[in-house]
Structure formats: C-alpha cells, structure tokens
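Reviewing the structure listed below.
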Amino acid sequence: MHTLMQCLWRLRMLGAVLLLAVLAASLAPSTHAAEPNEELGQAVGTVDADTWRDVKNGENFIDTRHESTYSLINTSGETWRQIRNEWISPAGLIAIGGMLAILIIFYLVVGRNDLDHERTGRKILRWTAIERALHWTVATLFIALALTGLNLLYGKFVFRHIFGDVFWANMIMGSKLIHNYAGPVFGILLIVILAKWLKVNLPKKHDLEWFKQGGGMVGDKHPDAGFANAGEKVWFWLLASVGLLVVVSGLVLDFPIFGQTRDDMQWANMFHGVTSLILMTVALGHIYIGTLGTEGAFEGMATGYVDETWAKQHHNLWYEEVKESAGQPHQSDPPIDDDTATAQRPN
Amino acid sequence: MAQMKFLCDAERCIECNGCVTACKNANETDWGIQRRRVVTLDDGMPSEVSISVACMHCDDAPCMAVCPTDCFYKTDDGIVLHDKDICIGCGYCLYACPFGAPQFPKQEAFGERGKMDKCTFCAGGPAETKEEEYEKYGANRIAEGKLPLCAEMCSTKALLAGDAQTISDIFRQRVVYRGHEDGGWSSVEKAQLSGPDVSGNLDEMAYDATRATREG
Amino acid sequence: MRLTRKSSQPAGQGGLGISRRQFLQRSGVATGGLAAAGFMGHGMMQAASAKEKTAYSDAPVETKRTICSHCSVGCGVYAEVQEGVWTKQEPAFDHPINRGAHCAKGASLREHGHSTRRLKYPMKLVDGQWQRLEWDQAIEEIGDKVLELRDKHGPDSVYWLGSAKFNNEQAYLMRKLAALWGTNNTDHQARICHSTTVAGVANTWGYGAMTNSLNDIQNSKSILFIGSNPSEAHPVAMQHILLAKERNNAQIIVVDPRFTRTAAKSDKYVRLRPGSDVAYIWGLLWHIFENGWEDTQFIEQRVYGMDKVRSEVANFPPDVVESITGVGEADMYDVAKRISENRPGCVVWCMGGTQHTTGNNNTRAYCILELALGNLGVSGGGANIFRGHDNVQGATDLGLMSHSLPGYYGLSEGAWKHWSKIWNVDYEWIKNRFDPNEYNGSLPMNSNGITVSRWIDGVLEEDADIAQRSSLKGMFYWGHAVNSQTRGPEMKKAMSQLELMVVVDPYPTVAAVMNDRTDGVYLLPAATQFETTGSVTATNRALQWRDQVIEPMFDSKPDHEIMYLMAQKLGFGDEFTRNFAIENGRPVIEDVLREINAGMWTVGYTGQSPERLKAHQKNWHTFDFHSMQALGGPIDGDYYGLPWPCWGTAEFGHPGTPLLYDMSKPVKEGGLTFRARFGVEHDGVNLLADGVASAGSEIKDGYPEFTADMLKQLGWWDDLTAEEKKAAEGKNWKTDLSGGIQRVAIEHGCAPFGNAKARCEVWTFPDPIPKHREPLYTPRRDLVEKYPTWDDVASFYRLPTLYRSIQENDFSQEFPIILTSGRLVEYEGGGEETRSMSWLAELQQEMFVEINPAQANDLGIKNDDMVWVHGPEGGKVKVKAMVTPRVARDVAFMPFHFGGIFQGESLADKYPEGARPYVLGEAANTATTYGYDIVTQMQETKCTLCRIEKASA
C-alpha cells in the first residue's frame, strides 16, 4: 500500500509538472492578446508548481482552523526527524559512550593523578561557600537535566520494556517536568556562575604552554597555571558558549508562546540536542578529573579548601599569589566566616 | 489485513467543512481542537482547490519515530494511535508530522501543552473501559464495523476512508470516468473520451493491473 | 455530563426524562462557566466552557429518523438516542437524497441536543433586565396586551411573523392563527428568500417551485448557476452536480459577481456586475436566437409570447450587454454555445437572483431562457430553484404569507369560504374577526397584508399612509432572524416604537438584543424541530416525515403548542382546533396534516397522508438514487416524499410528481403539462398547448383546467361516484373536496389543471416582458436614464414603496463600491442558531468583508485590518477586512449570518444569561439599504453601494 500511495503522489506531482509545461506552452502564444475577462473565463486552471512552492512556505492557502499557523505540508519535519534520529541520536550515544570508554581506559591505564609530594596539611581557601553552593546547585541541575534529557532521547529504548507502561509513563512525565522547570533555573544560575568566574578564566599566555604539555601529562613537569588552569578555562568557555546555546535553545523550546514556528522549534531542538550532548560528553571529563582523576580536587569543591601541596602542583601561579598576598598560608583550621576568607583570597 | 487510509478527492472537495464538524460530532474534541481541517489552495482564483487533511496514518509515521515516550502504536489495520497516558505533550510529533495533525489543548510556558490529540481514524485508543476510551479519544467506530464519521458524512463523497486498495479502486474509477490529464488532481479541461464504445468500458479501464485478482 | 449506566428508572418516566434534568443541571454549570470566562476582545469569540463531553453509554439505543433542519436539500439523519439523550448521529446511507452526506451544519446536527446556548425559560424585559416567567403567566400577559392592542388599534395592529423553520403543520397553523385572529399581517422568510421566484415562475408556467429535483440534476448535460452557490448554501446538492459533471461530462457554468467555491468546481466562470441578470440572460438569448439554437418546436407547441421576447432581446447586442454586465462578447457566446450544445440543461438560481428590486424580472428571464432551449419538462432540464430554509417551500405552499391563504388560494371571498369550510368554522364568524372598514378601496380581509420585508415601515409610517387602521403596534417574531433584513438602524428605531415585542424562538435572536427597549419585550422558548414531529417539504417538493428525537429541552415548548396556548388565550382555541385531537396540550400533528390534505387541492398536498409519509420514511432504502422512485417494497412505484402535486386523495395513490411538466409520463405516473392558469387566450392568441399533451392523455391537444361542467361536456361525469358527484357539482379541480374531478381527469390521462403554454409575457406584471432596470443604488449613473427603475408606488402591500425617488440621487461618488452579501457554509440565516453551536462557531469566529486586493491597495487596507463599511443610508459596520480575489475590484462582499454587534457596539451583555451565541459579529444588513421588488416586496440585499474606510484602532 505504501508504494501505491507513493505512486499516486508521484503521479500527481509529475502530472502537475507536466501540466505546467503544457499550460505554459499553450498559453504562450495567446497571452499577448488575452483580455483579463476572457482569460478569467477560460482559465479553469490548475494548482501549479508555484502554488506548491507557496504552500511549502506556508502561504497561499486558507484553513478551517481559526488563525491556524500550521502549514499544509511540513517538509522540514522529515528532515528534522532524519537529523535527530539518524544523526544526533546515534552521535550522542557514540560521543558519550566513547568518552566513558576513554575515561575508563584512561583510569585503568594511567590511574589517578596523585599528588607528587606529601600534603603539608596547610589548607588554602579555594572555593567560598557561595561558590560551592552555586557549583553544586548547577552541577545537580546539570545532572538532573542531563539524565532527564537522556531519558527523553533514549529512555524509550530501555525503561518501558524493563518497568512497564505505568512506571514508564510516570518516569517520562517526571523527566519532562523536571527538564522543563529545572532548565530555566539552570540557565539563570549558569549565567551567574559564569559571571562570577569570568575573571579567573580569562585566557593567559601560559595557558598555551599548559596545552602543549597536555596539562602535565607530557613531560614530567607541571605546567604553569593560575587559579584556573587552561583545562578549566576550556570548560568555562565551553559553558559560556555551547552552554549558553543549550540554554537559549532550551528556552525557545520551553516557552512556545512567542509565535515560534515549527521550523524554529526544529532548529532549536537540533541545536539543543547537539550542544547538550557535547556538553554532557565534556562534562564527563570534568567530572572524572574533579573526582576520580585528580587527588584532592573533589575535596576542594567539597570543603572549599585545598592542600598547599595540591595548590602548588596544580595552580602554582595562584599559589604564589596567595602566598604573596597573605605572607604565609593559613595554618589554622578553616575559618568559619566565609567573607573573611573571600577577602583573603585574591583572584 | 486491511491497511486503513484516507484519500481526499480534490475534484470533489467543495470545502463545506462537513468532515470537520462530523469529527467533532463523533469525537467531541474541545473548542480549538480540529482533528480534521480543510485547506484551500489558491483561494478565489480559477485554480482554487480544496483538500481535507487529518492524520494520514502513515506507514512510516514520523510522529512514532520521534516520540520520546513511545506512546504511538500501529494497529493491525494500519491505524496510528497513541496512548494519552504516556504522552507528555512535548510537541515533537507536531514538529515531525508533515500534515499538522497533532494538536494540543494548550500551549503555555514551560512547554505545558497537555496531552496530544489527533485523528484516531475513529478507532478510539488504549483504555480500560469504553467510557474511558470515549472520554479520552472519542469514538471507536472501527470496533463497531463503521468507518470514520468524517468520510461517511462527506457531502460530495470526496473524502474516502477505508482499506487502501478499496479506496484507490474507487478513486481510480472516478479518474477514468471523468478523464484525466494530471492524475486526477485538479480541474483541467476534461479529456474528451473518444470513440463511442469507451463509455461502456469505463469500468474496464478502471481495472487495476497491479491487482492479481479482480473483485466485482 | 455522565449517563448513569444503571438507570434506576426507565427513560422518560414522569414526563421529565433523565436528559432533561441533566440538561437543566448542566445549564447551571454552563452559565457559571460563562460568567467566569469573561469576554475576549473584538473577535467576540468565546471558547466553549469546560469540556462537556457526552458520556459513553451502553443503554439501549433508539434510532430516530429525522431530516436536517438547516437547508432545503432535505438530508436524512439517523439520530441515536439513549435514555432520552441524543448520543450519536449516524449517516443515512440509504436516504435517497443525501446518501448519508452532510455539510458542516448537517454533520453537527447532534449539537442541537447538547448546546446549552438556548433560550431556556419564558422571559420578559423589566427595566432593562431579563426576568424569568412561568409559561401561563407569560401567555396571560402577552395575550392581555395583544387583546388591548386589538381593542385600541384593530386586529391589523399585531403582526404575526412566522417561520420557514416550522414544519408544515406548524406553518399551516400559524397562518390559521393569523386568519382566525383577523389579519393578513403574517408572513415568513420566503418573502425575503424566493418570493420573486414563486411569483415569477408560477406566472410563467403554473407552479412556483423547483421543477426537477436534486437527484435529477445527475442527468443534466449543462448546469448554469446564476446567483447560486451550492457549495456553501446547499453543499449536499453538489454531490448530484459533481456526479453530472463526472458521469455525464456536464458543463458547469457559474455566473456570479463573486468567485465562489462553486465557481472553483466550474468549467466556466463568468463574473457579472450585481443587478445585471436580465441583461445577461438577454445577452445569452441574443446569441441563441442569432445562431438559431432555440428549440422551435417546443416554443411553438408549449410557449406563449416568445416573439415579444425576441424583440426585447434584439435590444441587447453584445456591446450593450458588455456595457451593462461587464461580460464580453466571447464569453457570452461561449456560454450560449455551451448551454445550447449540451441539452438537456438546467438553470439554478438562489438569492443572488431573487433578492433584487428587479427580482421577479430576473426569475422570469431565467425561465424564458430555459423555455427557449426547450429544457422544461425533461429529465436533466428545468428551473432548479434551490430553496433556502429547510421548510421554506412547505411554509410557502401552506400560505404563511400576507397575500394568500394556504395552497395559493389567495385572499378572495371564495378562498376564505374554501378554508372556512375546511376549518369547520363559519365564514361570517371569520369575517367578523377582521377590521370591517375599507382602506384604499379594499377590505383588510381581502387585501395583501404587510410583508416581513416591510414591517419596519409598517411600524414607522404614518397611519394615514398605511392601508389599514393603524401602524403596527405589536410584533411576534416567531422564528425569525431580524438581522437577515435590510436597513438595520431603521429597524432599531421601529423596535423602539412598538408597544409589544414577542420573540418565540429556541434562541433569543438579535431581535431580543438590538432593540433599545427596557420594557415590553417577551421571549418564549420554542422547541427545535428535533423536539417535535411533523412533515417538511424539501426544495424538490418532496415531503419528509421527521421523528421526534428528544424531548423539548429546558422549558421550551413546540411551536404548535404555543400557538394553541395563544389561540386559547385570545378566545378562539375551539375554532383553531376543531378538527384536531389534543394530546399533551398540543394539537396532534397527524390531524393537522389531515386537515392540510383536505384543503390543499391546488398544489396537490392532498395525497400525502401521514400514513403514506411515514411509510416513505420507514423505507428510505427502497428508493432509487437516480430516479427517486421506489423499486419494489411496500410503496412500490411511489416517488420519494410524494413530491407535490400528489393528486387526489391518499387512497387514489398518486405517486407524486418528480419532474414538473414532464409530458413523457402519464399524469397518473407523475407526468404533467404546463398549467392552464392564465385563461385560454390572450389578445386573441391561444394560450393552450398546441397539439401536444402528456403521455396517455385522451385529449391530444391543449385543454383548460377541469371543472364539473367540463367533465359533463367530455362525457366523463358519470365516472364519478354518486358521492363524488354530490361534492363536485358546480366545483372545479381546486374546490371539489372529494377529489373526484382530479381523479377522473387523471384517469383519462389529463392534468386536472389543464394543458397550456408557458408564458413569457406576464401581462399582469409591471414589466410584462422582463426588462433590465438599474438597481436603486447603482454605480452606473450613465445607464439610469436608459434603464430607469419604476415610479414610486403609493400603496403596495399596504405601504408606500419608493423607487424613482431613491434612484434619482447619485450616491456613487461618495459610495463607490458595490456591496453584495451571501452565505457561509457553517452558518445559516441570521445565524443565531448556528452561532450557538460550538462545533460550527469554532470554524467562523469573525465577521468580515471581502475586498479585492487592488481595491484594498487603493484604500490602504491590509488583510485582517479592521474597517468601517458605510452604507448610503447611514448604517455602518466595523468588520475585519479579508483581502481576496474572490470579488471584483469594485465589489465588496459580506456574509449576513452575524449579529450581536451593532455599529461597533457589542450587545453581548443584553443577552439573557447563558443564551449568548459563541460568536457575535456585525450584521451585514446594518449597512444595507432600501429597495423592494415591484411584485413581491422582496428586499434588495445583493446590490447596494458602500464606502470602506480603515478603522482607526
């Protein structure tokens, strides 16, 4: 049946094209003499290719639906479907899966990046409470959005079969609700956090060297790094670019009340998919480095303080700055007053 | 197994919108939800032509393919249905659908759209009871051995519904009767059927060579 | 609403079905929702309140057979009812007219059983507020007031405006009600619909009705639509028309100022200037005569006066026609050729042809065209006049008009005596009911009453200028949409001058809200046609029986019950119902039909007994889709619906007349001749048919109408039974109540009404041969001198009527655009009913005016801009611009179904609570103007002038 319908379609389109040619040929000699009235009288015309072009563009037709903005033929829908289902979706799987695989292999082969020296026990304030709160909020939202987003993209292949319809219905509805309501919050906090950390993430010359040495993996020397090393800066700027695209495209999708067309939504969806999958992929790296991959990194974001040794090893320039401005690094317990700490920490 | 399809004969469609209200009558969709719509091209011009559009129950349905919740399914009759309990109102089916068939009761901030609604070919949908089925999806005429009300009530029999083979037979017969230069899509000067014997052979001419056996 | 699946009581118990109670409950809910929903901007659309879905039910299904009430096509419907609720509507595939098909209106018919936007209780306006009344109180108060008006101003001061939405029995009772009240001031929408057709066509060949049938159009080889747009107005008719096109290769020719949806299906579309129909037809005839395409044999044998037409047509050579109509010679020739070469062909016209000051000329011109081509009395030919409302044909036949009693008997003493005999009421008693004084030389009892088109003037004119005792003081709007009438602002003024307004309708109607009154308005809720039973006459003259689908909703009552209540209150309840049994407080519908059968000999409404109609209704499936004849079964050989004339008594068993004037069949089998209505000769020329008669006729030539004396001369008198002889003595075929004369004539193969020629010349009309006359409001001042309108008439249907004094003034500079109007498929008539159905209202939410793109650019108007359309008489409407090539550059079009907004001001808050339609809009007729047909007082809606301006904000 499929083929028959297709045939009919093709026949019609072919017919329309042929007819256009015939009409063009037959009209050509007569048009110069045609009177408007006469032409109207004789013209029992046909819908021609131009009309179909108009229709594709959403013009030249009327619809019984009141103030309908739905076009008659949505040709871009199929393109969107192909791109989404045949490219983005598998590419995302490959990217995320590939990253996971790389990280696992890396961990198994290289293992944790331990501190080269003994901890001194002296703690340096690296992240204030507000920053940590921001980070963890954004991180939580990110993970929630990532998981729900992944569920929206891939969940149907897995969970419906495992858990059954009722559970799946709730799960996917929950995913959508979380995703749609957490998304805008994430967007706002992301901008706040980007603004807050903009200064320390401005590129510096030594960052190039850092890259050359692969963040310390090439050669046996630790490259120079300020408060944020070049790797962190990359993550920052990725969030500031791709991350913002994720947010913007997400908002377009989340608030379909500004007269977006279906084309707009398809574009937004594709952008959102591609950018968020990139972000997720890279985020895996970030998470790895921040947890399993680097000794002492997680405790920094957990407690706010890092060991002097850690600071020296990973952020030597920053360490120097802190030392200079404070004279001596803190030896006491972490101060309770965060504001004091902030004041003490030069950026 | 039947493959249910709609076919709108644009030569016959007069844009009376009977199909639109017949659908309302059968399914009682909310104000603003029209599962079927009539679209007119070149309105007011000699080439004006109208066509009634709803869900086409595609063989390879884009809505099914893009649905994040997998709420769509195809019946044995080739009817594309969806489970409103699973639908989350994400709107993807609408982005993908070539015909603008999926509709949502609302479109608000945070992607709140409510459950998608579309033509069911008057085949209802998944539900525990008939009451629930009617409430959620509207009529299940297929179960009663009837066809969709829009086609059954079409004022000029332009809108055909039923097994694809049957409706294409009907359409083919019409095309042969009225002559065609363009596959029967639109009004051109009628091809004058030549020869005195042709009129008697119209049904013969409507014979579909693709069919192995011919039914009366 | 949810149906209780396990009902504790049987449906309908206690007279108040489950449905009724639930609907009452629902209405409370709905009104609450309505108040909360508020109002949405200028579009005046309002989404249906919270979902009110009919619940699925397993209760036993009762299937009722009814007929769609939206237009005259007469589509059959299967209504499925469960526990008193109309739960489903199934297509009637076996119905011989529509085969299950419906347009938007028919396909949403079931909402009649669900929409709560109804007038729910009797109400009256007290200090500008609607107050609920009980029925008896309402009847008492209205009756007292009406009797007071009668005392003070005479019976003619009260106007009984009836409806084409009544079934036949109700329409007949309404006429009877007015008659027994003592006035001819009664009318219905036929006046503003096809009155010019009825007058023009009946005066041409005998009967004023569609000659063939919709099904018969399948046999046409050419179909000329002029002023008709069936795709929107009669969509199901298109099923037959497109079959003719496909199977018969029929030429579809659409002549219309507007490129309609019918034009989109045509082989040939011709755009003509509104109001130039006669010139157009003469232009076609010019080519037909020029090329000798006329049917000379037919004209010789069956047509009178074609030579006079020839000389008139000679004045319309191609260049003249092009100047008047805007259609060039090539197009004229082309159409003339197509209709000549493709015979049999038919002509179809509707409001586009009739609603003109020259309407009667137009309709006669169309007839003459068909006569010249010999297209009459043949299958596939004819004058296929598509009537408007579902029962406008029936209501017309049953005399719900100011100029006749039922059956076109007229208002002469003989007519009154005929009907008083049928009614079993003393003639003298009726005579005493009337104002005994003469006005303008005639008695009110025998003079045409004021028409529905002119009730406004009946109120506003000085008493001295009206040919009755006083102006109108009280109006009954019994199923009438006032917004379908022209001259809105003056109508409003008239309403404010009345002493009493009574609206009887399922809906409040625009009359309830557009008046500026604070008192003296009563609203009585009438039941719809699905809440009662009775017969309805479709456009093809076929009578169809409707089952009652549901009980009357809310506190509504069927119209005939309300009429009976009024008659009782007004003191003639006994005379009103002498021949009827009363059940449940209502006259029994079948008894009313039997009374109709007893008196309607003129048009053959005598054979359609309730029993026969019900048998037809039960056997839809036995009728052939092409011929409409029953093939076998219990009513073998009958034509569906016994299309009138169905001669003789029911026992005589006449099958009905499917095609009028078809000589190929014996009269007994549905054949017919042209009626000998106009005498046997005129100016010494024979008017009877020349050497032809219908098949099987024992008189092989023309003959006059049958009388008792004629039977005796022919030697057929003894074919009558003794009883028939007694009744027939001194009578003719119209007045012999036994039906014997008709029977004997038919048994000898003759038509009871004679065998004559059709006439092209109607010597009793102002223009014996139709003439082109410019519209009163014409943009072509240069043509006025040559084609002027008539002189003013001092008293016509009791009122002064203006022609020349309006046309004298040149409005064309200030109002350069021609304004015309028409229908939308979703709505019907004034639209109050259909705009109260959410399924339909959703599809057309805004009133609009169609403007040509070039004109729009000239005026600086863009699509969807709000514009003011000003009429030359000061009326104006604020509507949305639809820029479309459907209309020509100098023409604007507005649909006339909207109401509830008046000159920019919303009347929404004036509706009784919960009764406001979903969609309101400006009424097109607020901007339309004066102008009435010289024969019938048809209003001019299709051709006036206007100015369009962009509305500021």
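The values are calculated or read from the model by the stated rules, or taken from the named source; none is laboratory data. Note that this is a predicted model, so its numbers are computed, not measured. Note that each Cβ is placed from the backbone with ideal geometry, even for glycine, and that neighbours are counted across all protein chains shown.
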Which number in (1) surrounded by fewer than 16 Cβ atoms within 10 Å (Cβ to Cβ); (2) part of a helix (DSSP H, G or I); (3) polar (S, T, N, Q) marks the one condition that A:T120 misses?
-> (2)
Within the range B:90-123, of all residues that are surrounded by fewer than 24 Cβ atoms within 10 Å (Cβ to Cβ) and among the small types (G, A, S), the one farthest from the other protein chains (Cβ to nearest Cβ) is B:A123
Would you mind telling me which numbered condition in (1) in a loop (DSSP other than H, G, I, E, B); (2) facing chain A (nearest Cβ under 8 Å); (3) closer than 19 Å to C:A101 by Cα; (4) not acidic (D, E) B:S47 fails?
-> (3)
List every residue pair whose Cβ atoms lie under 7 Å apart, where the two residues are 6 or more positions apart in sequence or sit on different chains, the first residue falls within the range A:85-98 and is away from chain B (no Cβ under 11 Å), and the second residue, located anywhere, is of a type in the set (S, T, N, Q).
-> A:A95/A:T281; A:I96/A:T281
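Given the structure, is C:G182 more than 25 Å from C:H356 (Cβ to Cβ) and not hydroxyl-bearing (S, T, Y)? Talk me through it step by step, then tell me what you get.
Numbers: more than 25 Å from C:H356 (Cβ to Cβ): yes; not hydroxyl-bearing (S, T, Y): yes.
Here the answer is yes, as C:G182 does meet what is asked.
Report whether or not A:T275 is farther than 30 Å from B:V66 by Cα and away from chain B (no Cβ under 14 Å). Before the answer, list the steps.
Values: farther than 30 Å from B:V66 by Cα: no; away from chain B (no Cβ under 14 Å): yes.
So A:T275 fails the test.
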Kindly indicate the residue of the range A:233-263 that is within 10 Å of another protein chain (Cβ to nearest Cβ) and either closer than 29 Å to A:K204 by Cα or acidic (D, E) (or both) and also surrounded by the fewest Cβ atoms within 10 Å (Cβ to Cβ) among those meeting that condition.
-> A:D263
Hey, can you tell me all the residues within the range C:78-90 that are buried (at least 24 other Cβ atoms within 10 Å of the Cβ) and within 10 Å of chain B (Cβ to nearest Cβ)?
-> C:Q89
Tell me, please, whether a residue that is under 18 Å from C:E842 (Cβ atoms), in contact with a strand residue (DSSP E or B) (Cβ under 9 Å, 6 or more places away or on another chain) and facing chain A (nearest Cβ under 7 Å) can be found in the range B:58-73.
-> no
Of all the residues that make up the range C:57-75, how many are touching a strand residue (DSSP E or B) at 6+ places or on another chain (Cβ under 8 Å), within 12 Å of chain B (Cβ to nearest Cβ) and buried (at least 24 other Cβ atoms within 10 Å of the Cβ)?
-> 2
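Please state which one of C:R433, C:R454 is buried (at least 22 other Cβ atoms within 10 Å of the Cβ), more than 23 Å from C:T602 (Cα to Cα), in contact with a Leu (Cβ under 8 Å, 6 or more places away or on another chain) and in contact (Cβ under 8 Å) with a residue 24 or more places away in the chain. Break it down into steps so the answer makes sense when it comes.
Details: C:R433 fails: buried (at least 22 other Cβ atoms within 10 Å of the Cβ).
Step by step, each of C:R433, C:R454 is checked, and only C:R454 is buried (at least 22 other Cβ atoms within 10 Å of the Cβ), more than 23 Å from C:T602 (Cα to Cα), in contact with a Leu (Cβ under 8 Å, 6 or more places away or on another chain) and in contact (Cβ under 8 Å) with a residue 24 or more places away in the chain.
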Odd one out for C:K417, checked against (1) in contact (Cβ under 8 Å) with a residue 60 or more places away in the chain; (2) in a helix (DSSP H, G or I); (3) closer than 30 Å to C:L799 by Cβ = (1)
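Quickly run through the range C:91-113 and pick out the residues that are at the interface with chain B (Cβ under 9 Å from one of its Cβ atoms) and either more than 18 Å from B:V20 (Cβ to Cβ) or in a loop (DSSP other than H, G, I, E, B) (or both). First the steps, then the outcome.
First, pick out the residues of the range C:91-113 that are at the interface with chain B (Cβ under 9 Å from one of its Cβ atoms): C:91, C:93, C:98-111.
Selection gives C:F93, C:N98, C:R99, C:G100, C:A101, C:C103, C:A104, C:K105.
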Find all pairs meeting these conditions: Cβ atoms under 7 angstrom apart; at least six residues apart or on different chains; first residue within the range C:199-211 and under 14 Å from C:L376 (Cβ atoms) and polar (S, T, N, Q); second residue in a helix (DSSP H, G or I) and modelled with pLDDT under 95.
-> none
What number goes with the only condition from (1) away from chain B (no Cβ under 14 Å); (2) more than 30 Å from C:M837 (Cα to Cα); (3) in contact (Cβ under 8 Å) with a residue 12 or more places away in the chain that C:A856 does not pass?
-> (1)
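Among C:K726, C:K771, which is the only one that is basic (K, R) and over 22 Å from C:M600 (Cβ atoms)?
Working: C:K726 fails: over 22 Å from C:M600 (Cβ atoms).
Among C:K726, C:K771, only C:K771 is basic (K, R) and over 22 Å from C:M600 (Cβ atoms).
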Criterion (in contact with a helix residue (DSSP H, G or I) (Cβ under 7 Å, 6 or more places away or on another chain) and without any contact (Cβ under 8 Å) to a residue 60 or more places away in the chain) met by exactly one of C:D782, C:D792, C:D767 | C:D792
Which one is surrounded by the fewest Cβ atoms within 10 Å (Cβ to Cβ), of the residues in the range B:74-89 that are within 10 Å of chain A (Cβ to nearest Cβ) and free of Cβ contacts under 8 Å to residues at least 24 places away in the same chain?
-> B:I86
Which of the residues that make up the range B:10-44 are facing chain A (nearest Cβ under 7 Å) and part of a loop (DSSP other than H, G, I, E, B)?
-> B:N17, B:Q34, B:D42, B:D43
Selection count where residues are assigned to a helix (DSSP H, G or I) and surrounded by fewer than 20 Cβ atoms within 10 Å (Cβ to Cβ), scope the range A:216-230 | 1
Kindly indicate the residue of the range C:91-113 that is touching a residue at least 60 places away in the same chain (Cβ under 8 Å) and touching a Lys or Arg at 6+ places or on another chain (Cβ under 9 Å) and also surrounded by the most Cβ atoms within 10 Å (Cβ to Cβ) among those meeting that condition.
-> C:S108
Picked from the range C:255-293 (must be closer than 21 Å to C:H356 by Cβ and of a type in the set (D, E, K, R)), the residue surrounded by the fewest Cβ atoms within 10 Å (Cβ to Cβ) is C:R271
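Looking only at the range C:855-896, which residues are touching a Leu at 6+ places or on another chain (Cβ under 6 Å) and closer than 27 Å to B:L41 by Cβ? Reasoning before the result, please.
Filtering the range C:855-896 down to residues touching a Leu at 6+ places or on another chain (Cβ under 6 Å) leaves C:872, C:892, C:895.
Within the range C:855-896, C:A892, C:P895 qualify.
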Of the residues that sit in the range C:244-266 and are more than 9 Å from chain B (Cβ to nearest Cβ) and under 16 Å from C:S220 (Cα atoms), which one is modelled with the lowest pLDDT?
-> C:N248
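With respect to A:L147, determine if the residue is at pLDDT 95 or above, in a helix (DSSP H, G or I) and in contact with a Phe, Trp or Tyr (Cβ under 9 Å, 6 or more places away or on another chain).
Working: at pLDDT 95 or above: yes; in a helix (DSSP H, G or I): yes; in contact with a Phe, Trp or Tyr (Cβ under 9 Å, 6 or more places away or on another chain): no.
Answer is no for this residue.
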